[in-house]
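**Student:** One structure follows; several queries about it will come next.
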Amino acid sequence: MNTQTKSSRLTISRAINEAIRAEMDAEKNIIVLGEDIGALGSVWGHTQGLQERFGADRVRDTPISETGFIGAAVGMAASGMKPIVELMFVDFFGVCMDAIYNLAAKQSYFSGGNVGCPLVLLTSVGGGYSDAGQHSQCLYATFGHLPGMKVVIPSNAYDAKGMMTSAMRDGNPVIFMFHKGLHGIGWLGSLPSAVRDVPDESYTVPLGKAAVANEGSDVSIVALGITVHQAIEAAKTLKAKGISAEVVDLRSIAPLDRAAVRDSVRKTGRLLTVDDDYLSYGIGAEIIATVCEDPSIKLKANPARIAYPDVPVPYTRVMEHFILPNADKIVAAVESLMEQPQ
């Protein structure tokens, strides 16, 4: 008898859909809320078919009022339900941040642990498709800076399904970010490397654990989301030049897997961070501080970082792509690190 686990080739969008469907089958107190997530199946596609399967009481289209429906989701979580709520674009956080941070993130703390908040907030991040400054940001550091929430971003479909399952089973509020350039919907597409063989059965990928996406010995490139794929592409170019680059996929922004980062840089002695959030006060700075604070790590070069400059995202495609991270920028930065005298 063939006991091999069955799998399917999935996009991140489809992988998230499978995770939600399986958990909703198993947990009757899971409810999905958001704009256009019912009959339309979300503009991102990851709730397709759920309303037909579970009904409009459990998969609810909401008015265009993020403050209202995210606030309602926090109340549902306090009363024993497990809401999944979609904030269509992370850029919209400004109108509902009180519900996210002053309510969801602090609910357990303020109640002495008596009132939990098992809430998953799904939200899209990232630009590159000329949608300008209110639909193209990442804001990783904005959410990672605020205690009380877990903040994660998968770079591929396998991780997306496992991490989404973990998020739904977690007792804490989880901000589950997905990059539009990796999601795999028709009008945006996806990088082929984000599409993976995904087991049909449920499984978990732990939140708060980084992964080594490419083994290397000369330099550590720490990335997340779409920049993981850019870093892997750069690593292939660097290999042809005789440079062995290790790529660390953070997967989780909060908690941050500092041990995995330190282990990698302790081995290579060089560090480059790459993310598509704003440069100042960002993930790159936190990673560099994490490494430099460890006296056991002997650096062979000054750490470097690539990020989005501190300017609003431009609408013009040429301007936007000029300032986004890419594989060529990573290659150039690594070569500069390798040229520094030891």
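The values are calculated or read from the model by the stated rules, or taken from the named source; none is laboratory data. It should be emphasised that the depicted structure is a prediction, and the values quoted were computed from it without experimental measurement. Cβ atoms come from the backbone with ideal geometry, glycine included; neighbour counts cover every protein chain shown.
**Student:** Residues in region 188-198: is at least one touching a residue at least 40 places away in the same chain (Cβ under 8 Å), under 28 Å from residue 103 (Cα atoms) and surrounded by 18 or more Cβ atoms within 10 Å (Cβ to Cβ)?
**Tutor:** No - not one qualifying residue is present in region 188-198.
**Student:** Residues to consider are 205, 152, 174; find the one that is hydrophobic (A, V, I, L, M, F, W, C), closer than 24 Å to residue 255 by Cβ and outside the structural domain of residue 107 (by TED's automatic domain parsing). Walk me through how you get there before you give the answer.
**Tutor:** Values: 152 fails: outside the structural domain of residue 107 (by TED's automatic domain parsing); 174 fails: outside the structural domain of residue 107 (by TED's automatic domain parsing).
Going through 205, 152, 174 in turn, just one is hydrophobic (A, V, I, L, M, F, W, C), closer than 24 Å to residue 255 by Cβ and outside the structural domain of residue 107 (by TED's automatic domain parsing): 205.
**Student:** Sort out which residues of region 137-165 are farther than 20 Å from residue 44 by Cβ and not charged (D, E, K, R), and write them in order of number.
**Tutor:** If the condition is that a residue be farther than 20 Å from residue 44 by Cβ and not charged (D, E, K, R), then 141, 142, 144, 145, 146, 147, 148, 149 are the ones that fit.
**Student:** Taking region 13-44 as the search range and keeping residues that are surrounded by fewer than 22 Cβ atoms within 10 Å (Cβ to Cβ) and among the acidic types (Asp, Glu), which one is nearest to residue 86 (Cα to Cα)?
**Tutor:** 35
Conditions tested, residue by residue: (1) surrounded by fewer than 21 Cβ atoms within 10 Å (Cβ to Cβ); (2) in contact with a strand residue (DSSP E or B) (Cβ under 8 Å, 6 or more places away or on another chain); (3) not hydrophobic (A, V, I, L, M, F, W, C).
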residue	(1), (2), (3)
60	yes, yes, yes
75	yes, no, yes
86	no, yes, yes
100	no, yes, no
136	no, no, yes
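**Student:** Which of the following residues is at pLDDT 90 or above, under 25 Å from residue 19 (Cα atoms), among the β-branched types (Val, Ile, Thr) and touching a His at 6+ places or on another chain (Cβ under 9 Å): 74, 125?
**Tutor:** Values: 74 fails: touching a His at 6+ places or on another chain (Cβ under 9 Å).
Residue meeting the stated conditions: 125.
**Student:** Oh, and also: Just to be sure before I move on: is residue 313 of a type in the set (A, V, I, L, M), under 21 Å from residue 91 (Cβ atoms), out of contact with any His (no Cβ under 8 Å at 6 or more places or on another chain) and not assigned by TED's automatic domain parsing to the domain that holds residue 146 in the structure I sent?
**Tutor:** Details: of a type in the set (A, V, I, L, M): yes; under 21 Å from residue 91 (Cβ atoms): yes; out of contact with any His (no Cβ under 8 Å at 6 or more places or on another chain): yes; not assigned by TED's automatic domain parsing to the domain that holds residue 146: yes.
When the stated conditions are applied, residue 313 passes them.
**Student:** Still on this structure, please answer the following. Filter region 225-251 down to residues that are part of a helix (DSSP H, G or I) and charged (D, E, K, R) and give me whichever is farthest from the chain's Cα centre (by Cα). Lay out the reasoning, then the answer.
**Tutor:** The first filter runs over region 225-251 and keeps only residues part of a helix (DSSP H, G or I), leaving 226-240.
Right, trim to charged (D, E, K, R) and you get 233, 236, 239.
Numbers: 233: 19, 236: 24, 239: 27 Å.
Across region 225-251, the extreme among qualifying residues is 239.
**Student:** Report, by residue number, each residue of region 289-342 that is assigned to a helix (DSSP H, G or I) and at pLDDT below 95.
**Tutor:** Filtering region 289-342 for residues assigned to a helix (DSSP H, G or I) gives 289-292, 317-323, 327-339.
Matches in region 289-342: 317, 318, 319, 320, 321, 322, 323, 339.
**Student:** Taking the condition of being in contact (Cβ under 8 Å) with a residue 40 or more places away in the chain and either buried (at least 18 other Cβ atoms within 10 Å of the Cβ) or among the hydroxyl-bearing types (Ser, Thr, Tyr) (or both), how many residues in region 307-325 meet it? Give the derivation first.
**Tutor:** In the first step, residues of region 307-325 are kept if they are in contact (Cβ under 8 Å) with a residue 40 or more places away in the chain; the result is 308, 312-317, 320-321, 324-325.
Then drop every residue that is not either buried (at least 18 other Cβ atoms within 10 Å of the Cβ) or among the hydroxyl-bearing types (Ser, Thr, Tyr) (or both), which leaves 308, 313, 315-316, 320, 324-325.
So the answer is 7.
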